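Undergrad: Handing you this structure, nothing more for now.
The values are calculated or read from the model by the stated rules, or taken from the named source; none is laboratory data. Fair warning: this is a prediction, and the values are worked out from it, not measured in the lab. No Cβ is skipped: glycine too gets one built from the backbone with ideal geometry, and neighbour counts run over all protein chains shown. The protein model used for the area step is the full one, side chains on, heavy atoms only, and it has no ligands, DNA or RNA in it. Shrake-Rupley method; radii C 1.70, N 1.55, O 1.52, S 1.80 Å.
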Amino acid sequence: MEQFQHGRFSVPGPGDPVANAVRRSISSGRGALTRRSLLRAAGGGALAVGGVGALSACGIPAAGGKGGEAAVADDFSAKEKQVVFSNWTEYMDVDEKTKRYPSLDGFTRRTGVSVKYTADINDNNEFFGKIQQQLHNGQDIGRDLICVTDWLAARLIRLGWVQKLDPAHLPHAFANLSAQFRDPVWDPGRAHSYPWTGISTVIAYNEKATGGRKVDSVTQLLDDPALKGKVGFLSEMRDSVGMTLLDLGKDPAKFTDDDYDAAIARLQKAVDRKQIRRFTGNDYTADLESGNLAACVAWAGDVVQLAADNPAIKFAVPKAGYIFSSDNLLVPARARHKTNAEKLIDYYYEPGPAAQLAAYINYVCPVDGVREELAKIDEELAKSPLILPDRAMAELSHPFRPLSEAEEKSYEEKFAKLIGA
């Protein structure tokens, strides 16, 4: 469980290695850029804002004190034909001429429910800081639907700050949710959440910079002398350490302290030998395109977009597997329009709207049966396993396990030291 170290609580000094790691992620990583090319600003090593253990330490227990069970709120959906949806920037299909959202307009035409859509989530920690006090006090946060990364979704569920979803309002979601997303350990059976997109961490390489050679393993990244000084890893701890754990034959969902230390040592060796050029946020994309980085650990959505403009950019999924996470839709406790929010969730599990969304944002689509609709929009996107993973790719995906507060602090300190944050 992450530590509460920001906002109106204590702020670490500039010498704190954990805080520096977070600042690096927010200033030069995904949090510094638009949502189409970033997803988890500070999410991987999130210590900047919020934490269950530290909330309790600060005298702020979970709401209701009933084991994560949200208070039942009155639902005004029948009388008030609206839904308020908070999402990340550049995370919705947009008509560039009208600046409207075509898929949302389609929902309103069909249901009569208007959508107040706000792209006001810039990173998970910052958003949690905005809403946590109201949720703790049992207040409506003015939003009926929010989209957050899995680790924060898990926290909100654990605190009892989101509502259970009604399966009767989610027929398409229940039927069309891809198997890869169906049963996360933090929300068994998807009782409280449905995924908006998936985030795959893979290997990307520039074929010109590698001399036409394929790079398809972390072992190559860390040991191949031909790549020395032209290798990039991510400044997100869960991605870089998780991929290294897999290469060492360890399961990121079950690893021990010793396993983690072994992964850090493996990366440290490559740093000492100057095999790794640098640890980056999303800014690896420019170096990969130019060839300053021959190969790197990368986010799949970036690779789809880069490859569309530069045929030299390729990707590989290691035989050992890859790290996979998700962004998720949840209905906050005390939301006024729960049924309308559920209708909107279900709408995006129909193949047509799901295809519209996937064609624009280029991340993993969690909806089965969308390929044909996506092909009508873009045949190449419909063929991409980075957007529509086949069974073989899905079976190679691995989550990074939830961390205790003590683990989070220890692991982030070690990783911060490794990357020089």
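Undergrad: Take the residues in region 207-261 that are of a type in the set (K, R) and touching a residue at least 40 places away in the same chain (Cβ under 8 Å); name whichever of them is nearest to D272 (Cα to Cα).
TA: Across region 207-261, the extreme among qualifying residues is K228.
Undergrad: Next up: In region 375-417, which residue that is in a helix (DSSP H, G or I) and touching a Ser or Thr at 6+ places or on another chain (Cβ under 9 Å) is nearest to S325 (Cα to Cα)?
TA: As a first pass, look at region 375-417 and keep what is in a helix (DSSP H, G or I): 375-377, 379-383, 391-395, 405-417.
The next check asks that each one be touching a Ser or Thr at 6+ places or on another chain (Cβ under 9 Å); those that pass are 393-394, 415.
Details: M393: 14, A394: 12, F415: 20 Å.
Of everything passing the filter in region 375-417, A394 is nearest to S325 (Cα to Cα).
Undergrad: Kindly indicate the residue of region 216-258 that is among the acidic types (D, E) and modelled with pLDDT under 95 and also nearest to A286 (Cα to Cα) among those meeting that condition. Let's see the steps before the verdict.
TA: Kept after step one, since they are among the acidic types (D, E), are these residues of region 216-258: 216, 223-224, 236, 239, 247, 251, 257-258.
Next, from what is left, pick out any that are modelled with pLDDT under 95: 236, 239.
Working: E236: 18, D239: 19 Å.
The selected residue is E236.
Undergrad: Where residues in region 386-396 are in contact (Cβ under 8 Å) with a residue 12 or more places away in the chain and surrounded by fewer than 19 Cβ atoms within 10 Å (Cβ to Cβ), which of them is farthest from T280 (Cα to Cα)?
TA: Keep residues of region 386-396 that are in contact (Cβ under 8 Å) with a residue 12 or more places away in the chain, which gives 386-389, 393-394, 396.
Filter once more, so that each one left must be surrounded by fewer than 19 Cβ atoms within 10 Å (Cβ to Cβ): 394, 396.
Working: A394: 26, L396: 24 Å.
Per the stated criteria, the residue is A394.
Undergrad: On the given criteria, is P366 surrounded by 22 or more Cβ atoms within 10 Å (Cβ to Cβ) and not assigned by TED's automatic domain parsing to the domain that holds Y91?
TA: Values: surrounded by 22 or more Cβ atoms within 10 Å (Cβ to Cβ): yes; not assigned by TED's automatic domain parsing to the domain that holds Y91: yes.
In short, yes.
Undergrad: Another one. Check K314, K274 and return the single one that is in a loop (DSSP other than H, G, I, E, B), farther than 30 Å from G142 by Cβ and open to solvent by 30 Å² or more (accessible area, probe 1.4 Å).
TA: Values: K314 fails: in a loop (DSSP other than H, G, I, E, B).
That would be K274, the only listed residue that is in a loop (DSSP other than H, G, I, E, B), farther than 30 Å from G142 by Cβ and open to solvent by 30 Å² or more (accessible area, probe 1.4 Å).
Undergrad: Under 6 Å by Cβ, and 6 or more places apart or on different chains, what pairs join a residue from region 136-147 that is not assigned by TED's automatic domain parsing to the domain that holds N340 and among the charged types (D, E, K, R) with one that is buried (at least 18 other Cβ atoms within 10 Å of the Cβ) and at pLDDT 95 or above?
TA: From residues that are not assigned by TED's automatic domain parsing to the domain that holds N340 and among the charged types (D, E, K, R), there are no pairs.
Undergrad: Taking the conditions exactly as written (outside the structural domain of L152 (by TED's automatic domain parsing), touching a Leu at 6+ places or on another chain (Cβ under 7 Å) and either surrounded by fewer than 24 Cβ atoms within 10 Å (Cβ to Cβ) or small (G, A, S) (or both)), does A320 satisfy them or not? Can you show your working first?
TA: Details: outside the structural domain of L152 (by TED's automatic domain parsing): yes; touching a Leu at 6+ places or on another chain (Cβ under 7 Å): yes; either surrounded by fewer than 24 Cβ atoms within 10 Å (Cβ to Cβ) or small (G, A, S) (or both): yes.
Answer is yes for this residue.
Undergrad: For A341, are the conditions met, namely being assigned to a loop (DSSP other than H, G, I, E, B), among the aliphatic types (A, V, I, L, M) and buried (at least 20 other Cβ atoms within 10 Å of the Cβ)? Steps first, answer last, please.
TA: On the way: assigned to a loop (DSSP other than H, G, I, E, B): no; among the aliphatic types (A, V, I, L, M): yes; buried (at least 20 other Cβ atoms within 10 Å of the Cβ): yes.
No; evaluated as a whole, the condition is false for this residue.
Undergrad: Mind listing whichever residues of region 310-341 are closer than 16 Å to A153 by Cβ and charged (D, E, K, R)? Lay out the reasoning, then the answer.
TA: From region 310-341, those closer than 16 Å to A153 by Cβ are 324-333, 335, 341; that's our starting set.
D327, the sole residue that qualifies.
Undergrad: Would you be able to tell me the number of residues in region 98-130 that are over 23 Å from L156 (Cα atoms), assigned to a helix (DSSP H, G or I) and open to solvent by less than 30 Å² (accessible area, probe 1.4 Å)?
TA: The number of residues fulfilling the criteria is 4.
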